[in-house]
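The values are calculated or read from the model by the stated rules, or taken from the named source; none is laboratory data. Given the structure is predicted, the values throughout are model-derived calculations rather than measurements. Because the Cβ atoms are built from the backbone with ideal geometry, glycine has one as well, and the counts that use them run over all protein chains shown. We work out accessible area using only protein heavy atoms, side chains counted, and drop any ligands, DNA or RNA first. Shrake-Rupley method; radii C 1.70, N 1.55, O 1.52, S 1.80 Å.
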Amino acid sequence: MKTTMMQSVVRRLGRKNALSPVQRCFSMAPNHSTGGDVIIDRHISAAQTDVSTAQGSSQRLPNDVHERNALYVDEDERTMAGITARVRHDWTRDEIAEIYHLPFVELMYHASTVHRMYWDPSEVQQCTLLSIKTGGCTEDCGYCSQSVRHKTFVKPTPTMKVQEVLEAARRAKDAGSTRFCMGAGWRELGNKKNAFNHILEMVSGVNGMGLEVCCTLGMLNADQAQRLKEAGLTAYNHNLDTSPEHYPNVITTRSYEDRLQTIANVRDAGISVCCGGILGIGEKDKDRVGLLHVLATLPDHPESVPINALVAVAGTPIGDDEDIESVDAFDMARMIATARIVMPRTMVRLSAGRLSFSDAEQFLMFQAGANSIFNGDKLLTTANPEFDTDTALFQKFGFRGKPAHQGPRVAPAEADGKVYISHVKANQEQQYA
């Protein structure tokens, strides 16, 4: 590894961490305490890392999130412009709440700096979402227009034909989308064998076009997840929606644990996890923090975390509740920024509700750390900016789309040697003691 500065720092674990709570919060450094006397050798590099040079002139990381994360198994933390960040899974709610409630100007600075340490801020993933089976869902999600329990404008439709879906995928690819997502309005795949076989054919066909493929089909068992993986599925979306505490106020027909089990099945099959939540469903700030806490303490952080602003639909309990305040751009930016800080290697997707925000407000959200969007004129059943509108938006912001089946670009700040990256290795004599 080429370096312009190399420094060895020897620490003994078990000593009391001298950082204040707020410093620990920003450094993302947990209060190490093992009770032992293991020696750690920390090397701090300020130059281009092996990760970036190994990728050649393209300087792209692996597309598979598991392969990508494996490159950083011995990485401790990153520092740039006075901000230190670390990927960790032992966040406490209080730590995340402290970040979430920072003065907005400070939160934005920290989030945008973390974003630039781990990502190319000018590269944004473009995803297209198609409802292949609309309405008729037996769940009682209080925000959803597709539930049979709510009287909305949505009428149940049969599952789309395979060729119809593949044609929609071709149009999305021609418009610049690189990930094609298919959603079905039902509780679970269950014993829908014929429908599942058609979906497997859709996944294989879309994958064959050179697009990444994502599905959101409700609950999955382990065998179904494995078959989707074998068909070529890239990612699976299964949102937690909100905190465990607020969840029963929104949904009663499926437990929080049910959702976590599906996420585990997807992860165990080697499929990338897409999991996030919705703002504007009657939650409090503590629920937004609670959702992020669950996501940030999963065994593996999701590959992507969609942050949705509720698009209220008349006829749904939440859509008709006039006491629920609407979500503004600052709510979205605060949530995105906090997600970026606590899950620095995760793509944060600016999802539903984008049509209600101006170009300037959307730019604020990208500055907070969002690096993925849904494009196309509809998200399942609600409106979304059209392809041409997003093309103009990308040109205005100086963004370029992330190519399909290619990993993200190495962060320019990292490639240019502006990020100090420390690697931690246990002392060999102590390691086998």
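Things worth noting here:
- Checking every one of the GluC sites (Glu not before Pro) in region 280-365 against DSSP loop status and a limit of 15 other Cβ atoms within 10 Å picks out Glu322, Glu325.
- Think of each Lys and Arg Cβ as +1 and each Asp and Glu Cβ as -1; about the Cα centre, that makes the dipole of region 259-385 roughly 580 debye.
- For Ala70 and Lys286, the difference between the fully extended length at 0.36 nm per residue and the C-alpha to C-alpha distance is 74.5 nm.
- Carbon + sulfur, % of accessible area of region 190-315 - ligands and nucleic acids excluded, 1.4 Å: 46
- For region 90-154, applying the loop criterion from DSSP together with a ceiling of 11 other beta carbons within 10 Å to the trypsin sites (Lys or Arg not before Pro) yields Lys151.
- Tensor-based shape of region 250-328 (alpha-carbon gyration tensor, a/c under 1.5 rounded, otherwise prolate or oblate): prolate
- Cα centre as origin, Lys/Arg/Asp/Glu Cβ charges: region 312-375 dipole, Debye: 660
- Neighbourhood net charge (14 Å Cβ-Cβ; Lys/Arg +1, Asp/Glu -1) for Arg254: -3
- Taking the convex hull of Cα positions in region 214-265, its mean projected area over all directions (nm²): 3.6
- √(5λ) per eigenvalue of the Cα gyration tensor, region 96-199, largest first, Å: 36, 22, 12
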